[in-house]
Ligand code: ADP
């Protein structure tokens, strides 16, 4: 009998659902299962997840994907994990029981702690060591909040009775019993020195976090452990791990410095591979670990990591949701494309969707949404088109800032996410960037990245070259717009942003 075909299982633990996807050797999806779970909002601005639900939904999704693909668990060669980043968990070593709900990346409860740390003048040190900014978004101050608020917790942590982890670590722990993470996740905690590739003793001391609770950090493509036999009936090696945005960069096969991806979801997440040297940003972008393939450097010096610059647009696809749900201008997101294409141009209307302030390169939390250029002739179509265009302008601003920090040209952008299905938006993005925007055939780039990391470690894929050959383009949008027209639009967008920022209600 011929040997049964083998597959890689990617676990994609997201903010609103747990997904599992099986890939074959060509990187094609052969089975998917997605299970949503509860969002817990204890107070305005606070967000939690139940750790048990994260685990049970993820495990059920894994089994569901195997069932959907109609294969046996023994045909799974390896498991790769990718996850919502920064979300913070703490559990008991003896029982594996969480001591608190997971504090989700969106949760703002540690804002005051961040202010205190800033007042101590720590922002520069933190940026220098971790590549991050002092914001409640990252794990470190969420962990400080737990120690400050729950009596007796720090003493227990000091005695080595507790384990800290981001979601990857939690899943690895439940799958294998090991307490481990990878540098892409560690680099989102505010506790990890990305230049030295280890937990930073000085920061741990300042933040008063006991070292005993931290997981072991190992390469993103390496053996994290074997899944317990009772889970799938067979032991399966867990050999890949990366945070979701870094996994997407890997899944897009952005292996060379200068390659970038933009995920067009609710917001946009842009990552640029900057190679083996961490690039410090002068535009408030984050410096982060893109992946660690475990090879180390040839000379034995340095971390051997690949680094990335990262930035985000807060409101992207969300502006289309707003048109649909709040204004009723479109029946569904796809209709926005039809309407945008029904007019020749934006009719001089520019919409700055700064609903929650603006991120890099502006970093203005006070600015709010603004529409300029409305006339008697403005139609619904112009308005919708202006909304779509705003996604492309904001992404361009971000990429231009990245390019300046990086010091080299970014030749093209690889795109994924829900709004990347919009042909008008993708063409307009190519026009505004004056470079190609490329969509991959397999849109599941995040899960694919985790699968590649896992598969490379077990020899399912031989090397990066083989992975690269697997990468297939679905569509390429090349710039078509005349330079003058582009420059005029960009100049007006800049004016629209200025006018939004100059409006101060008080
Ligand atoms: P997330 O992972 O952030 O939830 P998704 O990648 O699922 O986001 O994308 C959903 C977002 O994409 C929504 O904000 C939606 O408005 C937007 N979107 C989906 N389809 C389209 C489309 N055809 N045109 C424009 N926006 C779209």
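The values are calculated or read from the model by the stated rules, or taken from the named source; none is laboratory data. As the structure is a prediction and not an experimental result, all values here were calculated from the model. Here the Cβ positions follow ideal geometry from the backbone for every residue, glycine too, while neighbour counts run over all protein chains shown.
Results, tabulated for the structure shown:
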quantity	calculated
Selection count where residues are without any contact (Cβ under 8 Å) to a residue 40 or more places away in the chain and either over 29 Å from the mean Cα position of the chain (by Cα) or surrounded by 14 or more Cβ atoms within 10 Å (Cβ to Cβ) (or both), scope the range 354-386	8
Top-ranked residue in the range 409-425 [being outside any loop (DSSP other than H, G, I, E, B) and within 10 Å of the ligand (Cβ to nearest atom); ranked as nearest to residue 9 (Cα to Cα)]	416
Residue in the range 6-18 that is surrounded by 15 or more Cβ atoms within 10 Å (Cβ to Cβ), at negative phi, in a loop (DSSP other than H, G, I, E, B) and touching a helix residue (DSSP H, G or I) at 6+ places or on another chain (Cβ under 8 Å) present	yes
Filter pass, residue 443 being assigned to a loop (DSSP other than H, G, I, E, B), at pLDDT 95 or above and over 27 Å from residue 282 (Cα atoms)	no
Test: residue in the range 183-202 that is in contact with a helix residue (DSSP H, G or I) (Cβ under 7 Å, 6 or more places away or on another chain) and in a helix (DSSP H, G or I)	yes
Near pairs, Cβ below 6 angstrom, 6+ apart or cross-chain, from the range 404-433 (over 15 Å from residue 474 (Cβ atoms) and touching a residue at least 40 places away in the same chain (Cβ under 8 Å)) to any residue that is in a strand (DSSP E or B) and near the ligand (Cβ under 8 Å from one of its atoms)	419/264
All positions within the range 64-75 that are touching a strand residue (DSSP E or B) at 6+ places or on another chain (Cβ under 8 Å) and part of a helix (DSSP H, G or I)	64, 65, 66, 67, 68, 75
Hits in the range 272-286 (condition: on the phi < 0 side of the Ramachandran plot and either within 15 Å of the ligand (Cβ to nearest atom) or assigned to a loop (DSSP other than H, G, I, E, B) (or both))	276, 277, 278, 279, 280, 281, 282, 283, 285
One residue from 316, 247, 242, 308 being in contact with a helix residue (DSSP H, G or I) (Cβ under 7 Å, 6 or more places away or on another chain), modelled with pLDDT of 95 or more and within 15 Å of the ligand (Cβ to nearest atom)	247
